[in-house]
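*Asks:* Can you keep this structure in mind? I'll have questions shortly.
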Amino acid sequence: MAALTTERLQSLLPESSIFLAASAATRDDAVQQAGEALVAAGAVDASYITAMLDREHSVSTYVGEGIAMPHGTVNAKDTVSGDALVLLQFPEGIDWDGEKVTAVIGVAARGRGYIS
């Protein structure tokens, strides 16, 4: 597997996909915002947002240290047009099933290309 280069990271997460000082009332609101940002980035169609919420309702995407990485279900891969990441910072934090999340990294991927 190739290393994630600066150029590759910039193509996956352009400055236009970084949202500082975001605000969300709930975990689902934050997932919705991440999905909308992926749609705006042209990486997914709107139905991917439902798949992100479905994933979150079945298995938490909280990864620790105040970070969650919501993404769609395997069945939603056909709605992904290209690998992309979005970053939303929530300075006030969001209750994520009892954990405080301050950074949400939305992931759209057809495979594992976003990590290689």
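*Asks:* Within region 43-100, count every residue that is open to solvent by 20 Å² or more (accessible area, probe 1.4 Å), in a loop (DSSP other than H, G, I, E, B), within 14 Å of ALA30 (Cα to Cα) and touching a helix residue (DSSP H, G or I) at 6+ places or on another chain (Cβ under 8 Å).
*Replies:* 1
*Asks:* Residue pairs, Cβ under 9 Å, 6 or more apart or interchain, first in region 92-104 and in contact (Cβ under 8 Å) with a residue 60 or more places away in the chain and closer than 13 Å to VAL63 by Cβ, second among the polar types (S, T, N, Q) and surrounded by 12 or more Cβ atoms within 10 Å (Cβ to Cβ). List them.
*Replies:* TRP96/SER60; TRP96/THR61; ASP97/SER60; VAL104/GLN33; VAL104/THR61; VAL104/GLN89
*Asks:* Got a number for residues in region 2-21 being among the aliphatic types (A, V, I, L, M), in a helix (DSSP H, G or I) and open to solvent by 70 Å² or more (accessible area, probe 1.4 Å)?
*Replies:* 1
*Asks:* Select, from VAL39, VAL44, the only residue that is of a type in the set (Val, Ile, Thr) and in contact (Cβ under 8 Å) with a residue 60 or more places away in the chain. Show your work before the answer.
*Replies:* Details: VAL39 fails: in contact (Cβ under 8 Å) with a residue 60 or more places away in the chain.
From the options VAL39, VAL44, the qualifying one is VAL44.
The values are calculated or read from the model by the stated rules, or taken from the named source; none is laboratory data. Since this is a predicted model, take the numbers as computed values, not measurements. FYI the Cβ positions are ideal-geometry reconstructions off the backbone, even for glycines, and counts take in every protein chain you see. Each accessible area value is taken on the protein alone, full model and side chains, heavy atoms only, with ligands, DNA and RNA left out. Shrake-Rupley method; radii C 1.70, N 1.55, O 1.52, S 1.80 Å.
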